[in-house]
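**Student:** Take a look at this one; I'll ask things after.
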Amino acid sequence: MRLTSSSAVLAVVVFSAFLCPSIPAENPLPTASLADRDEAREIFKQLIEINTTDTPKGSVTAASVAMQKRFLDAGFPAEDVHLLGPDPNKQNLVVRMRASGSPTQKPVLFLCHIDVVEALPSDWSTNPFEFVEKDGFFYGRGTQDMKESDAALVATFLRLHREGYKPRRDLILALTADEEGGKFNGAAWLVKQHRDLVDAAFVINPDSGGVELNHGRAVVADVEATEKVYADYQITAINPGGHSSRPRPDNAIYELMAALNKLAAYSFPFELNEVTRTYFKNLAAQETSQTAQDINAILATPPDMAAATRLGAEPSFNSNFRTTCVATRLSGGHANNALPQTAQANVNCRIFPGHSPEEIRQQLISLFADSKLSVKYVSDAGKVSDTAPERKAIVPPAPLKEVFDPLTRLTQAIWPGVPVTPVMENGASDSIYFAQAGIPCYGYSAIALERDDVRAHGQDERLPVDSYWKSLDFFYSFSKALGGE
Ligand SMILES: [Zn+2]
């Protein structure tokens, strides 16, 4: 789960809705029956209690097989329930709910990772791999990230099937491996190797976005509509070295420092896209201060760079309107009395959609302007290479109405009046693989969490019981709205 860094800022200033500002109070959504809830709880419990960490104890396949059994037992045809993956321990599950007749629209894909981050029982007050209900919360590793949505969607597909629901377009659910780390990212593998199974008009990825609560009051619902690209670069200075009593004019540490100082002083160019433009527009509409004036000034043509500089003092704004690169690790030298033969830094970049990692590598090379330095790309798996991928995240289109209209309507039926806004995530999720394949992705979980109770990847991860039931109701109605009533 990647909560949007901008949401805290937004929450303070946005009080009205995006796209559908005046939606009247809706009839309450149909709520799950007690039997439906029991089943959804059982699935949630089962998923939490299967360890899916990327460790010798973990098995994503065990979770996929358990869910596969549920779908087959419920009567899904075997040809619509696919267990597959590049590694025996990292099998993904892809389930298709078929449209009746021949659909005219491409499918909708729900993309859900089922792996979790390691949790040490000694750090927790409950066993992280036991599903515990206590004080109005469900505890366990993955209760926030993201087995709650995995379970809610499995339960939703089973319920719709049981009720004889026939969508007008195929609905696909993919439960995937290695989002949190590991060598077999299921989303990347599926879109590359089995595009036919996961091809869709758009992707709903509940791994990001969601409803932010402040003392129980819903303040904002964020929908991740695009995200930046993650890239690491290894910057190395090499020197013959020698005895430190006889310093030479050239020095690996100084050369590396000079390059990093240039980086510290540099800002990548200011940019906006359809998503961030909408986000800033929403923000400005609610602000009355200098911030609003500055936001309007950056939205103007041409954008006012002085205003961008003032706004950029806030890191979440700055990251939202440009590529950023920052030094995150440093090493150098081998002895206190020797000239350094090597000095090395890691530079971590978050690349604005529309640019490739190789393009940014070239920009770093020209910024450093020192041919003695090497600038190499470090892959997620830690492999260092001379060049970086050329592939760029596509520039996002304006958020799709066929997604935002029902999403807003249903969200506001559950949390009346909450503003729904598209955002650009400064981090990265599995959506990037589909975005790069040209499929629009929207990150939304329908999970409501208190701002100060985000425990994904942390200790005593927990989800309010009530939040689970609401997400269950949301996904039921949302699936039907997307699939066609
Ligand atoms: Zn996650």
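The values are calculated or read from the model by the stated rules, or taken from the named source; none is laboratory data. All of these numbers come straight from a predicted model, not from anything done at the bench. Quick reminder, even Gly has a Cβ in these numbers, built from the backbone with ideal geometry, and neighbours come from all protein chains shown. The protein model used for the area step is the full one, side chains on, heavy atoms only, and it has no ligands, DNA or RNA in it. Shrake-Rupley method; radii C 1.70, N 1.55, O 1.52, S 1.80 Å.
**Student:** Could you list, in sequence order, all residues of the stretch 185-209 that are open to solvent by 10 Å² or more (accessible area, probe 1.4 Å) and either within 16 Å of the ligand (Cβ to nearest atom) or touching a helix residue (DSSP H, G or I) at 6+ places or on another chain (Cβ under 7 Å) (or both)? Break it down into steps so the answer makes sense when it comes.
**Tutor:** Here is the first cut: in the stretch 185-209, the residues open to solvent by 10 Å² or more (accessible area, probe 1.4 Å) are 185, 188-189, 191-197, 199, 201.
Matches in the stretch 185-209: Asn185, Ala188, Val191, Leu197.
**Student:** So, one more: Suppose we filter Arg361, Arg329, Arg350 for residues that are in contact with a strand residue (DSSP E or B) (Cβ under 9 Å, 6 or more places away or on another chain) and assigned to a helix (DSSP H, G or I); which single one remains?
**Tutor:** Residue meeting the stated conditions: Arg361.
**Student:** I would also like to ask the following. Within the group Gly458, Gly438, which residue is open to solvent by 10 Å² or more (accessible area, probe 1.4 Å) and within 13 Å of the ligand (Cβ to nearest atom)?
**Tutor:** Step by step, each of Gly458, Gly438 is checked, and only Gly458 is open to solvent by 10 Å² or more (accessible area, probe 1.4 Å) and within 13 Å of the ligand (Cβ to nearest atom).
**Student:** Further question: Residue check, Ala388 against (1) open to solvent by 20 Å² or more (accessible area, probe 1.4 Å); (2) at pLDDT 95 or above; (3) of a type in the set (Gly, Ala, Ser), all met but one. Which one?
**Tutor:** Unmet for Ala388, out of (1) open to solvent by 20 Å² or more (accessible area, probe 1.4 Å); (2) at pLDDT 95 or above; (3) of a type in the set (Gly, Ala, Ser): (1).
**Student:** Here is a check on your reading of the model: is Glu118 acidic (Asp, Glu), surrounded by fewer than 20 Cβ atoms within 10 Å (Cβ to Cβ), outside any helix (DSSP H, G or I) and touching a strand residue (DSSP E or B) at 6+ places or on another chain (Cβ under 9 Å)?
**Tutor:** Judged against the criteria, Glu118 is not a match.
**Student:** Then there is this: Within the stretch 217-228, is there a residue that is farther than 30 Å from Pro103 by Cβ, without any contact (Cβ under 8 Å) to a residue 12 or more places away in the chain and more than 14 Å from the ligand (Cβ to nearest atom)?
**Tutor:** Yes, because at least one residue in the stretch 217-228 is farther than 30 Å from Pro103 by Cβ, without any contact (Cβ under 8 Å) to a residue 12 or more places away in the chain and more than 14 Å from the ligand (Cβ to nearest atom).
**Student:** Name the pairs whose Cβ atoms lie under 7 Å apart, with the first residue in the stretch 117-139 and aromatic (Phe, Trp, Tyr), the second exposed (fewer than 14 other Cβ atoms within 10 Å of the Cβ) and at pLDDT 95 or above, and 6 or more positions between them or separate chains?
**Tutor:** Close Cβ pairs (under 7 Å, with a partner that is exposed (fewer than 14 other Cβ atoms within 10 Å of the Cβ) and at pLDDT 95 or above) do not exist here.
**Student:** Could you tell me whether any residue of the stretch 47-55 is out of contact with any Gly (no Cβ under 9 Å at 6 or more places or on another chain), closer than 30 Å to Ile414 by Cβ and either open to solvent by 70 Å² or more (accessible area, probe 1.4 Å) or of a type in the set (D, E, K, R) (or both)?
**Tutor:** no
**Student:** On the basis of being buried (at least 23 other Cβ atoms within 10 Å of the Cβ), assigned to a loop (DSSP other than H, G, I, E, B) and touching a strand residue (DSSP E or B) at 6+ places or on another chain (Cβ under 7 Å), does Ser445 make the cut?
**Tutor:** In short, yes.
**Student:** Could you please find all residues in the stretch 147-158 being closer than 17 Å to Ser479 by Cβ and either within 14 Å of the ligand (Cβ to nearest atom) or of a type in the set (A, V, I, L, M) (or both)? Even if it seems obvious, please write down each step before you answer.
**Tutor:** Filtering the stretch 147-158 down to residues closer than 17 Å to Ser479 by Cβ leaves 148-158.
Correct list: Glu148, Ser149, Asp150, Ala151, Ala152, Leu153, Val154, Ala155, Leu158.
**Student:** Taking the condition of being more than 16 Å from the ligand (Cβ to nearest atom) and more than 21 Å from Lys69 (Cα to Cα), how many residues in the stretch 131-146 meet it?
**Tutor:** Result for the stretch 131-146: 8.
**Student:** Still on this structure: So Lys376 clears everything in (1) under 30 Å from Ile238 (Cβ atoms); (2) charged (D, E, K, R); (3) modelled with pLDDT of 95 or more; (4) out of contact with any strand residue (DSSP E or B) (no Cβ under 9 Å at 6 or more places or on another chain) except one condition, right? Which one?
**Tutor:** So Lys376 meets the others, but not (4).
**Student:** Oh, and also: Out of Ala40, Ala63, I need the residue that is over 30 Å from Gln412 (Cα atoms) and surrounded by 15 or more Cβ atoms within 10 Å (Cβ to Cβ). Which one?
**Tutor:** Answer to the check: Ala63.
**Student:** Tell me which residues, restricted to the stretch 435-476, are under 16 Å from Thr126 (Cβ atoms) and among the charged types (D, E, K, R).
**Tutor:** Residues satisfying the conditions are Asp453, Arg455, Asp460, Glu461, Arg462.
**Student:** Which count do you get for residues in the stretch 169-183 that are within 16 Å of the ligand (Cβ to nearest atom) and out of contact with any Cys (no Cβ under 8 Å at 6 or more places or on another chain)?
**Tutor:** Of the residues in the stretch 169-183, 6 are within 16 Å of the ligand (Cβ to nearest atom) and out of contact with any Cys (no Cβ under 8 Å at 6 or more places or on another chain).
**Student:** Looking at the stretch 121-147 only, could you name the residues that are open to solvent by 20 Å² or more (accessible area, probe 1.4 Å), part of a loop (DSSP other than H, G, I, E, B) and small (Gly, Ala, Ser)?
**Tutor:** Ser125, Gly136
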